[in-house]
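Engineer: Got a structure here, written out as C-alpha cells. Questions coming.
The values are calculated or read from the model by the stated rules, or taken from the named source; none is laboratory data. Note that this is a predicted model, so its numbers are computed, not measured. Neighbour counts run over all protein chains shown; Cβ positions are idealised from the backbone, glycine included.
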Amino acid sequence: MTDQNSIDQLAADLKSEFGRLDILVNNAGILYDTWQSASNANLDTVQEALATNTLGPWRMCQAFLPLIRQSKAGRIVNVSSEAGSLASMGASTPAYSTSKAALNAFTRLLAAELQSTGILVNAICPGWVATEMGGAGGRPVADGAASIVWAATLSNDRPTGGFFRDGKPLPW
Ligand SMILES: NC(=O)c1ccc[n+]([C@@H]2O[C@H](COP(=O)([O-])OP(=O)(O)OC[C@H]3O[C@@H](n4cnc5c(N)ncnc54)[C@H](OP(=O)(O)O)[C@@H]3O)[C@@H](O)[C@H]2O)c1
C-alpha cells in the first residue's frame, strides 16, 4: 500500500491478465495508537499512519481506476473506522483517528468525482473485530468482513460516498 512501484506492478499485471477490475477493497491499516494523545503524539508515527491508512488507499485508487472504469459495476470499499468519525471523536488514538478521518474525506471526494460513472465508492467500519489489531473480545472476523462484502456487492442503484457499518449509515 505504501510502495508505488509495487502497486503499479500489480496494476500492470491485472491489466494484462484481466483487462479490468470490478472490486477494490482497501483493507490494510495500522497504528491503533492508544499509547499517545494529540498533544504529545510522535509526528513520525502520525506520518506513518497517514502513509498507510490514507495515502495507501489513495495510491491504490489512482493506480486501479483505469481498470475499474472498464467494469460494468465498479466498487471501491475503503475500510475505515468509527474512530475516524468527527461526530464522535474523543481524545484517543490521534494518528489512527486522523488518518481514518482523512480516508473518509478522500472517500467523499472520489465518490463525488465518479458520481456519473456508476462506480460506487464507500467507507465502512467493520466494528470491533478480533484480529491482531482488535485483539481478543471483538466480533468474529466474518462479521466484520460482512460490511465489506455488503459494500463491495451493492447493486447499481445503491449509495455512493457513504460511511456504513453492518449496512447502516454512520455519522461522519
Ligand atoms: N480490528 C478492529 O477492531 C478494527 C476496527 C475498525 C477498523 N478496522 C480496520 O480494519 C482494517 C483491517 O484491520 P485488522 O483488524 O485486520 O488489522 P490487522 O490485524 O493489524 O491487520 C492489518 C493488515 O494490514 C496489512 N498491512 C499493513 N500495512 C500494510 C502495507 N503497507 N501494505 C499492505 N498491507 C499492509 C497487514 O499485513 P502484514 O500482516 O503483512 O503486515 C495485515 O494483513 C484496517 O483498515 C483497520 O483500521 C479494524
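Engineer: I'd like the full set of residues that are in a helix (DSSP H, G or I), aliphatic (A, V, I, L, M) and surrounded by fewer than 17 Cβ atoms within 10 Å (Cβ to Cβ), limited to region 30-50. Let's see the steps before the verdict.
Structural biologist: Step one: filter region 30-50 for residues in a helix (DSSP H, G or I), giving 43-50.
So of that shortlist, the ones also aliphatic (A, V, I, L, M) come out as 43, 46, 49-50.
Of everything in region 30-50, just one residue is in a helix (DSSP H, G or I), aliphatic (A, V, I, L, M) and surrounded by fewer than 17 Cβ atoms within 10 Å (Cβ to Cβ), namely Leu43.
Engineer: Got at least one residue in region 63-78 being of a type in the set (Phe, Trp, Tyr), touching a residue at least 24 places away in the same chain (Cβ under 8 Å) and closer than 21 Å to Pro169 by Cβ? Steps first, please.
Structural biologist: So in region 63-78, the residues of a type in the set (Phe, Trp, Tyr) come out as 64.
Filter once more, keeping what is touching a residue at least 24 places away in the same chain (Cβ under 8 Å): 64.
Next cut, closer than 21 Å to Pro169 by Cβ only: none.
No, every residue in region 63-78 fails to be of a type in the set (Phe, Trp, Tyr), touching a residue at least 24 places away in the same chain (Cβ under 8 Å) and closer than 21 Å to Pro169 by Cβ.
Engineer: Right, next: Does Ala87 fit the bill of being part of a loop (DSSP other than H, G, I, E, B), more than 10 Å from the ligand (Cβ to nearest atom) and closer than 24 Å to Trp150 by Cβ?
Structural biologist: Details: part of a loop (DSSP other than H, G, I, E, B): yes; more than 10 Å from the ligand (Cβ to nearest atom): yes; closer than 24 Å to Trp150 by Cβ: yes.
Yes.
Engineer: Can I ask one more? Please determine, by comparing only the residues of region 1-29 that are part of a loop (DSSP other than H, G, I, E, B) and touching a residue at least 60 places away in the same chain (Cβ under 8 Å), which one is nearest to Ala73 (Cα to Cα).
Structural biologist: Initially, region 1-29 is screened for residues part of a loop (DSSP other than H, G, I, E, B), giving 1-3, 18-22, 27-29.
Next, from what is left, pick out any that are touching a residue at least 60 places away in the same chain (Cβ under 8 Å): 27, 29.
On the way: Asn27: 20, Gly29: 26 Å.
Applying the filter and picking the extreme gives Asn27.
Engineer: For region 63-75, state whether one or more residues are within 11 Å of the ligand (Cβ to nearest atom) and either of a type in the set (Val, Ile, Thr) or modelled with pLDDT under 95 (or both).
Structural biologist: As a first pass, look at region 63-75 and keep what is within 11 Å of the ligand (Cβ to nearest atom): none.
Within region 63-75 (the criterion being within 11 Å of the ligand (Cβ to nearest atom) and either of a type in the set (Val, Ile, Thr) or modelled with pLDDT under 95 (or both)), the answer is no, since none of the residues qualifies.
For (1) in contact with a Lys or Arg (Cβ under 9 Å, 6 or more places away or on another chain); (2) part of a helix (DSSP H, G or I), each residue gets a yes or a no:
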{"site": "Leu55", "(1), (2)": "no, yes"}
{"site": "Cys61", "(1), (2)": "no, yes"}
{"site": "Ala73", "(1), (2)": "no, no"}
{"site": "Ala83", "(1), (2)": "yes, yes"}
{"site": "Ala91", "(1), (2)": "no, no"}
{"site": "Tyr96", "(1), (2)": "no, yes"}
{"site": "Ala102", "(1), (2)": "no, yes"}
{"site": "Thr107", "(1), (2)": "no, yes"}
{"site": "Leu110", "(1), (2)": "no, yes"}
